[in-house]
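Inspection log for the structure reproduced underneath, given as structure tokens.
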There are 2 protein chains.
Amino acid sequence: MRKETSTNLENEKLILASCGTSYTLDLIGGRWKPQILWRLLLQGCMRYSQLKNSMPNVSERILILQLRELEQDMLISRQVYPEVPPKVEYRLTELGLSLKPVLCCLSQWGDANRPNRVVSSDSEVLSEEL
Amino acid sequence: MRKETSTNLENEKLILASCGTSYTLDLIGGRWKPQILWRLLLQGCMRYSQLKNSMPNVSERILILQLRELEQDMLISRQVYPEVPPKVEYRLTELGLSLKPVLCCLSQWGDANRPNRVVSSDSEVLSEEL
DNA sequence: CGGCATCCAATTGGATACTG
DNA sequence: CAGTATCCAATTGGATGCCG
């Protein structure tokens, strides 16, 4: 006979919740993934060189690795144009686009609770638009 | 004279957004932090041994490190009772409690989009993952 | 009971140079 | 233009043992 039925229920809930949370964090928690995802969210579509030039603090290898992971996780798509010079475009997939409210949620909490945060009106504008 | 005013605005927005997102992820993105946070969210208050016994897959050192980080980031509080044997209780701070909607958001997206996810009440399958 | 110290393995991050 | 390859540093994760 099992005691603590309600505790077991609580346990199942937290296991489910923490699993889902960890899964999401695994996908978007990479060092540069938020920046990549936000750029693609706001720009819609970007070439590799655009991404690279807009993120000067990340080395090419790391950027490629992050892009490959996002691609394997089906969050972004990579389209190669077979021309010379080469042209590769990245954009969010449907799954990636579905992350929008999640990213928005994370951004808002972080912006609200980050010390020494920027208090200007840009953040509110951002919150409205997203 | 600056060209591309809209592009600059876009740039500011994404910087703000990705900064806030990265900040939040830095706080909750630790390997075991989702589990800890969810436990404290659902249980309200837990002793160290409770946490440890409920998370058999994490070593003590790592668990302590994660708890220390959460404490330094003001997400959880650590209360020591000066008695013998020692007694230490962990609970969420107000800031930690404010993460609830964020964690819910992450959990829901992960649960909805995780492949091979548990669709019904299979507690056995879940037990394996913890 | 609730840790900390030590030591080690694994993963991740990164600078640089080179290529089809 | 859009990457690879190589090599190396840093961070993280973890098992074990000891302590007040």
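The values are calculated or read from the model by the stated rules, or taken from the named source; none is laboratory data. Predicted model, so just to flag it, every value in this text is computed and none were measured. Glycine also receives a Cβ, built like all others from the backbone with ideal geometry; neighbour counts cover every protein chain displayed. Surface areas here come from the heavy atoms of the whole protein model, side chains and all, with no ligands, DNA or RNA. Shrake-Rupley method; radii C 1.70, N 1.55, O 1.52, S 1.80 Å.
Results, tabulated for the structure shown:
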quantity	calculated
Selection count, the stretch A:12-48, where residues are aromatic (Phe, Trp, Tyr) and surrounded by fewer than 19 Cβ atoms within 10 Å (Cβ to Cβ)	1
Lone unmet requirement of (1) facing chain B (nearest Cβ under 8 Å); (2) open to solvent by 60 Å² or more (accessible area, probe 1.4 Å) for A:LEU97	(1)
Single residue of the stretch A:53-88 satisfying the filter (under 17 Å from B:ILE15 (Cα atoms) and more than 11 Å from DNA strand C (Cβ to nearest atom)) that is surrounded by the most Cβ atoms within 10 Å (Cβ to Cβ)	A:SER54
Those residues of the stretch A:55-65 which are within 15 Å of A:TRP38 (Cα to Cα) and either acidic (Asp, Glu) or within 11 Å of DNA strand D (Cβ to nearest atom) (or both), in sequence order	A:LEU63
B:TYR90, sole failed condition from (1) within 11 Å of the chain's Cα centre (by Cα); (2) more than 7 Å from chain A (Cβ to nearest Cβ); (3) more than 12 Å from DNA strand D (Cβ to nearest atom)	(1)
Search result, residues across the stretch A:43-52 that are within 15 Å of DNA strand C (Cβ to nearest atom), under 22 Å from A:LEU27 (Cα atoms) and assigned to a helix (DSSP H, G or I)	A:TYR48, A:LEU51, A:LYS52
Members of the stretch B:42-88 that are free of Cβ contacts under 8 Å to residues at least 60 places away in the same chain and among the polar types (S, T, N, Q)	B:GLN43, B:SER49, B:GLN50, B:ASN53, B:SER54, B:SER59, B:GLN66, B:GLN72, B:SER77, B:GLN79
Residue within the stretch B:68-80 that is at pLDDT 95 or above, small (Gly, Ala, Ser) and assigned to a helix (DSSP H, G or I) present	no
Odd one out for B:ARG39 among (1) modelled with pLDDT of 95 or more; (2) in contact with a strand residue (DSSP E or B) (Cβ under 9 Å, 6 or more places away or on another chain)	(1)
